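See below for the structure under consideration.
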Amino acid sequence: MKFLITAGPTREYLDPVRFISNPATGTLGYFVAKKAKQRGHSVTVITGPCSFSEIRGVKKIQVESALEMKDAVEKEFLSCDVLVMTAAVSDWRPEKRYREKLKMKRPWKLKLIPNPDILKSVEKIKKGNQVVVGFALESTSIIENARKKLNEKKLDMLVANTVENFGDSSRNNEIFVLYPDGKIKDCSGYSKRKLASFLVLEIERHNKLKRRK
Ligand code: C5P
């Protein structure tokens, strides 16, 4: 299969040297890419700014902002079988990006506007045999909120976890994989490497089922 994996954070610039971002490390995306490659799949990674190590034979596309990531995903998605959207895409960006470094020494009210939802835009061009996996980071009512996201974004699988698992945390507390038929797999306590392996095998299984239909 052809895997497309997004990883890391995005950066939303206010001016040439300042931006809004988050502490995503790209680690889970890295492990998914590695496992998929080991399993003999062709792999392309679209990564935001993080130290995503090279993996032999894996194509890496570097982006910064959510809009750049959206363009790259839409282009690559056309020819892939699987999209695994591990990237922590910024939900907002500054309304205005200043060309020159701001020199304001006084309070400043920053206006943010929503970024487009990449998974939602992909859903519109998705073909029946493509598998799309999303992630949800929740503070409360994990399963309930995740189920809503799975339905709204019409995903084949959604991995829900808590904010405690974010960034370079090695703790992996609550993790659930949700499926459209209502099934839930409890992966709590899995390391990122173990979760990545589980996901790649699940995707292979899912793809086989789709092709049989
Ligand atoms: O809605 P929320 O941001 O929690 O959804 C998380 C999932 O949606 C992740 O898989 C993330 O990569 C994806 N996402 C996206 N476009 C955005 C924000 C998040 O595709 N603008």
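The values are calculated or read from the model by the stated rules, or taken from the named source; none is laboratory data. Remember, it's a predicted structure, so these values are computed and weren't measured experimentally. Virtual Cβ from ideal backbone geometry, glycine too; neighbours counted across all protein chains shown. Remember, those area values only see protein heavy atoms, side chains included, never the ligands or the DNA or RNA. Shrake-Rupley method; radii C 1.70, N 1.55, O 1.52, S 1.80 Å.
Summary of values
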item	result
Failed item in (1) farther than 30 Å from K213 by Cβ; (2) in contact (Cβ under 8 Å) with a residue 40 or more places away in the chain; (3) near the ligand (Cβ under 7 Å from one of its atoms), with D91 passing the rest	(2)
All positions within segment 139-162 that are more than 10 Å from the ligand (Cβ to nearest atom), in contact with a strand residue (DSSP E or B) (Cβ under 8 Å, 6 or more places away or on another chain) and over 29 Å from R212 (Cα atoms)	S139, I142, I143, N161, T162
Test: residue in segment 112-128 that is of a type in the set (S, T, Y), near the ligand (Cβ under 9 Å from one of its atoms), over 13 Å from I46 (Cα atoms) and not in a loop (DSSP other than H, G, I, E, B)	yes
Some residue of segment 79-87 being free of Cβ contacts under 8 Å to residues at least 40 places away in the same chain, part of a loop (DSSP other than H, G, I, E, B) and not hydroxyl-bearing (S, T, Y)	no
Sole exception among (1) open to solvent by 50 Å² or more (accessible area, probe 1.4 Å); (2) part of a helix (DSSP H, G or I) for V73, by number	(1)
Test for A87: is it crowded, with 21+ Cβ neighbours inside 10 Å and in contact with a helix residue (DSSP H, G or I) (Cβ under 9 Å, 6 or more places away or on another chain)	yes
Residue check, F135 within 18 Å of the chain's Cα centre (by Cα), of a type in the set (F, W, Y), outside any helix (DSSP H, G or I) and under 25 Å from K75 (Cβ atoms)	yes
Single condition K60 does not satisfy, out of (1) surrounded by 18 or more Cβ atoms within 10 Å (Cβ to Cβ); (2) in a strand (DSSP E or B)	(1)
Residue that is surrounded by the most Cβ atoms within 10 Å (Cβ to Cβ), among those in segment 15-37 that are under 18 Å from P116 (Cα atoms) and in contact with a Pro (Cβ under 6 Å, 6 or more places away or on another chain)	S21
Residue match in segment 38-48 (condition: assigned to a loop (DSSP other than H, G, I, E, B) and open to solvent by less than 40 Å² (accessible area, probe 1.4 Å))	yes
Cβ pairs under 9 Å, 6+ apart, first in segment 181-195 and on the phi > 0 side of the Ramachandran plot, second not small (G, A, S)	G182/R147; G189/N172; G189/N173; G189/E174; G189/I175
Index of the failed condition, A136 passing every other in (1) in contact (Cβ under 8 Å) with a residue 40 or more places away in the chain; (2) touching a strand residue (DSSP E or B) at 6+ places or on another chain (Cβ under 6 Å)	(1)
